[in-house]
Amino acid sequence: MRIKPVALGGIAIAGAAGLLAGSQTWISFMLEGTHSLETVTGHDVNAALSPVSIAIVAAALALTIAGPVFRRVLGALVALLGVGAAALSIGVLANPVAALSGRVTELTGITGANGGAAVTWHQTAVWAYVSVAAGALALVLGATVVVTAARWTAGGRKYDAAARAETAGGGPDRISDWDALSEGGDPTASD
């Protein structure tokens, strides 16, 4: 099994899962004196989730054409972004009432600890855990990229400066063949 496609696909999936999880309801709650159910999404409780998830997806795309050294840098970046995504999500899971403070203030006008006291019931949805898992997956795959980056195949001849220089100084290539045809010559004829 080739590690490059698995790592690239996994990193892209981790970023997409983080974006999806952040757009879903993370916490449902009720306030004192009301009987209406309020909800907040992951992006509502932590606005940094979207940029972190988008950066993970962007890194997966950049890894497709990166050279060996830049692959390691991007792998380390993906690992750090994964730690960040997981930490942001764990912070919400550790204290969901504190994460609700902005929404509670918006609904009641009560700020600080008094706002938290107004929450009579809350429940955390599975999407917060999905975000933690996406961050952990990005961490593992980023570390895998750092370790295995030297063994990955190159992006192809069009990204390789040495191959372009070889073609320019060496024999004919497709462009010079077309030029020869334009000038009335036969590119297949031997010199």
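Quick rundown of the values:
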| quantity | calculated |
| --- | --- |
| Selection count, segment 34-74, where residues are over 30 Å from Val147 (Cβ atoms), without any contact (Cβ under 8 Å) to a residue 60 or more places away in the chain and assigned to a helix (DSSP H, G or I) | 3 |
| Some residue of segment 75-88 being under 17 Å from His43 (Cα atoms), modelled with pLDDT under 95 and part of a helix (DSSP H, G or I) | yes |
| Considering residues of segment 65-82 that are of a type in the set (Val, Ile, Thr) and farther than 14 Å from Gly15 by Cβ only, the residue surrounded by the most Cβ atoms within 10 Å (Cβ to Cβ) | Val73 |
| Top-ranked residue in segment 92-103 [being closer than 14 Å to Asp44 by Cβ and within 25 Å of the chain's Cα centre (by Cα); ranked as modelled with the lowest pLDDT] | Ala99 |
| Residue among Ala58, Ala136, Ala113, Ala118 that is exposed (fewer than 15 other Cβ atoms within 10 Å of the Cβ) and of a type in the set (Gly, Ala, Ser) | Ala113 |
| Residue that is nearest to Ala149 (Cα to Cα), among those in segment 89-126 that are among the polar types (S, T, N, Q) and in a helix (DSSP H, G or I) | Ser89 |
| Condition met for Ser23 (among the polar types (S, T, N, Q) and in contact with a His (Cβ under 9 Å, 6 or more places away or on another chain)) | yes |
| In segment 139-155, the residues that are exposed (fewer than 15 other Cβ atoms within 10 Å of the Cβ), in a helix (DSSP H, G or I) and not hydrophobic (A, V, I, L, M, F, W, C) | Arg151 |
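The values are calculated or read from the model by the stated rules, or taken from the named source; none is laboratory data. The structure displayed is predicted, hence computed values, not measured ones. In this analysis, Cβ positions are derived from the backbone assuming ideal geometry, glycine residues included, and neighbour counts consider all displayed protein chains.
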